[in-house]
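The values are calculated or read from the model by the stated rules, or taken from the named source; none is laboratory data. Only a predicted model underlies this, so the values are computations on that prediction, with no experimental measurement involved. All Cβ positions, even for glycine, are placed from backbone atoms using ideal geometry, and neighbour counts span all protein chains on display. The protein model used for the area step is the full one, side chains on, heavy atoms only, and it has no ligands, DNA or RNA in it. Shrake-Rupley method; radii C 1.70, N 1.55, O 1.52, S 1.80 Å.
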Amino acid sequence: MKPIKVGVLGLGTVGGGTVNILKRNAAEIARRAGREIVITRASARDLHKPRICDTQDIQVTNDPFEIINDPDIDIIVETIGGAGIVKDMILTAIANGKHIVTANKSLIATHGNEIFAKASEKGVIVAFEAAVAGGIPIIKAIREGLSGNQIQWVAGIINGTGNFILTEMRDKGRDFGDVLAEAQFLGYAEADPSFDVEGIDAAHKLTILASIAFGIPLQFEKVFTEGITQITRTDVEYAEQLGYRIKHLGIARKTPEGIELRVHPTLIPERRLIANVNGVMNAVLVKGDAVGATLYYGAGAGAEPTGSSVVADVIDVVRALTSDPENRVPHLAFQADALADIPVLPSECIKTSYYLRLNAEDKPGVLADVTKILADHNISIEAMIQKEPSKGETAVPIIMLTQITLEQEMNAAIAGIEALPAVSGKVNRIRMETLG
Ligand code: NDP
Ligand code: HSE
């Protein structure tokens, strides 16, 4: 049989890792795929830049469309990133009848509905395992391994850069900016690193996970998104004293009212495995009605871990080439005409428990005023600590953990507490999950 010809768009971290794996493991890969797979063409912006991969035997161009329009290329691997010109590249490649493997979560989360529709019309596959949680085969696990279940919730550490920053800050007391610079040097961060630290990258990934878990269209614009930039050392320390770790989580939960889609810093009991996932590692918990809770762990970013997922997708595409397009695994796990119109809940309707930290005057009646406001909003307090005032200060930090409540009630309660004359500054709120 003729070898399958692959064109790789982008020769950076992920493109380079992919080339290395496909070359190094070519014989094993051919035994698995049933065909030889060769990269014959690749593109990069700068043809003189040093590469992490050997591009001998590969024709390299700075015009991706040369590859997209080359009739000899069977599969396009897209590792450029972003959703602008890359969308045109992918749609052109699909129109040219090429199968696509992409690591681009931004593209899939924001234009996936359109891209999958075009791909289905054309009978080609768009595979995107590398788009979520780097080297962890989480898409395959949910889409195929758990396909007998009703998925109840998914919760994961799904941004490697963010977890790397939080871990280094907590364990070594390092400065946020320094650790981010190291994550960029190591190739973990997005081209625009605000995507990592502001939670946008995690929101892209959660959008994809929620679609394949619940069979809903991709709806990135409905994800409630908070990043890690507001996490303070003080909160990390108080959380630890209370037996919790702060992790940046993406959470998708099906409730009787609709689906919660949210990305934010979260207090998790330190005894949970996921609370101990550190550095660039990612972990995703998936709860199915039949299987119960399952946990998937591995490197969330980096050249070869991500390349591992890209190459697995290339092999899957090759194996599926002879199958009838109607009988392939659907892009979003559910048949395209069976996607459900379940509402995604607005953030006010989120139900969770909270860690609150406020600074209040150390005088009689203040605590009673705070607890009355919470009670007026049906918020029960689970635990409370009042710290000693710092030297020369009259205000004391008060930390409270609440029971599960409605975000709307919490918003109103926080506004009421902040308006108390004896309370200074903002109330710092971090959501909590037991993940039991
Ligand atoms: P890099 O910046 O390392 O590589 C991007 C590549 O695309 C480079 O080779 C660059 O050329 C080329 N390129 C950039 N812009 C253009 C353009 N406008 N036209 C043509 N070529 C262009 O990115 P990564 O490898 O880190 O990321 C690639 C994709 O993979 C992104 O979607 C990212 O979100 C995703 N991803 C990244 C992971 C990681 O660990 N880094 C993990 C999982 C997914 P040149 O080298 O000449 O500048
Ligand atoms: N910037 C991303 C991260 C790359 O740090 O998780 C992997 O998707």
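Remarks
- Residue check, residue 148 more than 17 Å from the chain's Cα centre (by Cα) and within 20 Å of residue 111 (Cβ to Cβ): no
- When the range 292-325 is filtered for residues that are part of a strand (DSSP E or B) and away from ligand 2 (no atom under 16 Å from the Cβ), the ones remaining, listed by number, are 292, 293, 294, 295.
- Filter result (closer than 15 Å to residue 99 by Cβ and not in a loop (DSSP other than H, G, I, E, B)) within the range 116-129: 116, 118, 119, 120, 121, 122, 126, 127, 129
- If you go through the range 126-143 and keep only what is surrounded by fewer than 22 Cβ atoms within 10 Å (Cβ to Cβ) and more than 14 Å from ligand 1 (Cβ to nearest atom), you end up with 140, 141, 143.
- Within the range 64-84, residues that are of a type in the set (D, E, K, R) sit with their Cβ atoms under 8 Å from residues that are within 16 Å of ligand 2 (Cβ to nearest atom), at 6+ positions apart or across chains, in these pairs: 78/10; 78/86; 78/101; 78/102; 78/103; 78/104; 78/107.
- Identity of the residue in the range 392-436, over 18 Å from residue 379 (Cα atoms) and not small (Gly, Ala, Ser), that ends up surrounded by the fewest Cβ atoms within 10 Å (Cβ to Cβ): 421
- Filtered residue count, the range 198-231, keeping only those that are open to solvent by 10 Å² or more (accessible area, probe 1.4 Å), of a type in the set (Val, Ile, Thr) and in contact with a helix residue (DSSP H, G or I) (Cβ under 6 Å, 6 or more places away or on another chain): 3
- Selection from the range 318-342 of residues that are touching a helix residue (DSSP H, G or I) at 6+ places or on another chain (Cβ under 9 Å), open to solvent by less than 80 Å² (accessible area, probe 1.4 Å) and not hydrophobic (A, V, I, L, M, F, W, C): 325, 328, 330, 331
- Meeting the requirement of 1 or more residues that are closer than 23 Å to residue 285 by Cα, the helices (runs of 4 or more DSSP H) wholly within the range 166-241 are 194-197, 200-214, 233-241.
- Residue count for the range 94-118 under the criterion of being buried (at least 21 other Cβ atoms within 10 Å of the Cβ) and either away from ligand 2 (no atom under 13 Å from the Cβ) or free of Cβ contacts under 8 Å to residues at least 60 places away in the same chain (or both): the result is 11.
- When each of 12, 84, 16 is tested for being at pLDDT below 95 and within 11 Å of ligand 1 (Cβ to nearest atom), the lone residue that passes is 84.
Matching residues to (1) acidic (Asp, Glu); (2) under 30 Å from the mean Cα position of the chain (by Cα); (3) open to solvent by 60 Å² or more (accessible area, probe 1.4 Å):
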site: 29; (1), (2), (3): no, yes, no
site: 34; (1), (2), (3): no, no, no
site: 42; (1), (2), (3): no, yes, no
site: 45; (1), (2), (3): no, yes, yes
site: 57; (1), (2), (3): yes, no, yes
site: 61; (1), (2), (3): no, no, no
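- Residue among 4, 67, 76 that is more than 12 Å from ligand 1 (Cβ to nearest atom), over 27 Å from the mean Cα position of the chain (by Cα) and open to solvent by less than 30 Å² (accessible area, probe 1.4 Å): 4
- Residue ID - nearest to residue 358 (Cα to Cα), chosen from residues in the range 403-424 that are out of contact with any helix residue (DSSP H, G or I) (no Cβ under 8 Å at 6 or more places or on another chain) and of a type in the set (Val, Ile, Thr): 414
- Some residue of the range 160-175 being aliphatic (A, V, I, L, M), under 14 Å from residue 210 (Cα atoms) and out of contact with any Ser or Thr (no Cβ under 7 Å at 6 or more places or on another chain): no
- In the range 174-197, the residue that is least open to solvent (accessible area, probe 1.4 Å) out of those that are more than 14 Å from ligand 1 (Cβ to nearest atom) and in contact (Cβ under 8 Å) with a residue 24 or more places away in the chain is 197.
- Within the range 84-93, considering residues that are of a type outside the set (Ser, Thr, Tyr) and in a helix (DSSP H, G or I), the one most open to solvent (accessible area, probe 1.4 Å): 85
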